[in-house]
């Protein structure tokens, strides 16, 4: 199945790099594509459990799906994830 999620706090290529690397590391998540222009993350997954895991990981990294809680601490996590993504590019 294919999912396209609109996420919060997605700003640049560093963010995209972190998201692509970390989501691709999840079992049964493939073909991860991050679009910084429309703030979306698209990927293929096997079942609903995988989709839930992907959403949870995105939130943990600081990129919650639009409509989910986006506290100051979540925004700070996205800043750290972004910086890490820039360093590994």
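The values are calculated or read from the model by the stated rules, or taken from the named source; none is laboratory data. Please read these numbers as outputs of a predicted model, since none were measured by experiment. Here the Cβ positions follow ideal geometry from the backbone for every residue, glycine too, while neighbour counts run over all protein chains shown.
Looking at the structure I just gave you, is residue 50 at pLDDT below 95, surrounded by 14 or more Cβ atoms within 10 Å (Cβ to Cβ) and out of contact with any helix residue (DSSP H, G or I) (no Cβ under 8 Å at 6 or more places or on another chain)?
Working: at pLDDT below 95: no; surrounded by 14 or more Cβ atoms within 10 Å (Cβ to Cβ): yes; out of contact with any helix residue (DSSP H, G or I) (no Cβ under 8 Å at 6 or more places or on another chain): yes.
The answer is no for residue 50.
Of everything in the range 63-83 that's crowded, with 18+ Cβ neighbours inside 10 Å and at pLDDT 95 or above, which residue is nearest to the chain's Cα centre (by Cα)? That would be 63.
Inspect all residues belonging to the range 74-88 and state whether any of them is under 20 Å from residue 1 (Cα atoms), touching a helix residue (DSSP H, G or I) at 6+ places or on another chain (Cβ under 8 Å), without any contact (Cβ under 8 Å) to a residue 60 or more places away in the chain and part of a helix (DSSP H, G or I). Even if it seems obvious, please write down each step before you answer.
Within the range 74-88, the first condition is being under 20 Å from residue 1 (Cα atoms), and the residues that meet it are none.
No: the range 74-88 contains no residue that is under 20 Å from residue 1 (Cα atoms), touching a helix residue (DSSP H, G or I) at 6+ places or on another chain (Cβ under 8 Å), without any contact (Cβ under 8 Å) to a residue 60 or more places away in the chain and part of a helix (DSSP H, G or I).
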